[in-house]
Amino acid sequence: MNGPEIHVEFAPELRVFLPNGRRQEGAARITTDGVSTLGHVVESLGVPLTEVGAVVVDGREMPVSHVPAAGGSVSVRPVARPQRVPGAPLRFLLDVHLGTLARRMRLLGVDTAYESTDIGDPALAALSAAEKRVMLSRDRGLLRRRELWAGAYVYSTRPEDQLHDILDRFRPELRPWTRCTACNGLLKEATKEEVADRLQGGTQRSYDVFAQCTQCKRAYWKGAHHEQLVAIVERALADYAS
């Protein structure tokens, strides 16, 4: 490739995606073919466009469709936070590897679809587009699919850090205890009689306050793990208040 050479510098937040030899400096001199867009150049270096905010060329912000000229100096910046996703209510879709994160987001009342089986990248991308959901994944290949409605990379492998990062990035409205952690359906108050067929004898004797999913009919009550769930909710609400 003997086209124009440009200088590309990445913000520290984006350097995790770069090849090992370029992570420390976060900059590279790239020889282009003269027709490739900024978006193509950025992705060729391993950075998903879902993670890119402003792209500044010689001091001027340019779209990722811009074709850089020889000698250009390009600065690639991360997505601004909180990130706004216009055009639809803020809803999410998580891939098969993010089950714990999905349950915690549902616990907080965030509309979160989750595929518990691997349906493949094309199907996930199509579902994201059809339902206008933000695709969350650690799969960079999936996040590069053009048919996605919107997407975001999940940086950590720890559910606690994943939840904090996604809430900080998108700032969705939190409505704890309103969604089913199993299917994402909305919960409603229920009497013991309404959920009796879903309770074991000990639960029937020990609890009187219940909720039930309006979709899958799963019953909920303040059982043995309730304090752990309360702690997750309280941490999230405290982060929002700070």
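The values are calculated or read from the model by the stated rules, or taken from the named source; none is laboratory data. All of these numbers come straight from a predicted model, not from anything done at the bench. Cβ atoms come from the backbone with ideal geometry, glycine included; neighbour counts cover every protein chain shown. Ligands, DNA and RNA are excluded from the accessible area calculation, which covers all protein heavy atoms including side chains. Shrake-Rupley method; radii C 1.70, N 1.55, O 1.52, S 1.80 Å.
Assorted remarks:
- Residues in the range 129-166 that are closer than 21 Å to Arg84 by Cβ and among the aliphatic types (A, V, I, L, M): Ala129, Val134, Met135, Leu136, Leu143, Leu148, Ala150, Ala152, Val154, Leu163, Ile166.
- Boolean, Asp239 is open to solvent by less than 100 Å² (accessible area, probe 1.4 Å) and of a type in the set (Asp, Glu): yes
- Of all residues in the range 6-32 being farther than 15 Å from Glu43 by Cβ, of a type outside the set (Val, Ile, Thr) and part of a strand (DSSP E or B), the one that is most open to solvent (accessible area, probe 1.4 Å): Arg29
- If you go through the range 187-220 and pick out every residue that is at pLDDT 90 or above and assigned to a loop (DSSP other than H, G, I, E, B), you end up with 5.
- Residue match in the range 207-225 (condition: free of Cβ contacts under 8 Å to residues at least 60 places away in the same chain and within 30 Å of Gly53 (Cα to Cα)): no
- Hits in the range 33-47 - residues which are open to solvent by 30 Å² or more (accessible area, probe 1.4 Å) and either within 13 Å of Val76 (Cα to Cα) or part of a helix (DSSP H, G or I) (or both): His40, Ser44
- Yes/no for Asp239 being modelled with pLDDT under 95 and under 29 Å from Asp165 (Cβ atoms): yes
- The residues of the range 143-172 that are assigned to a helix (DSSP H, G or I) and open to solvent by 40 Å² or more (accessible area, probe 1.4 Å), listed by number, are Glu160, Asp161, His164, Asp168.
- Test: residue in the range 157-167 that is modelled with pLDDT of 95 or more and closer than 26 Å to Tyr207 by Cβ: no
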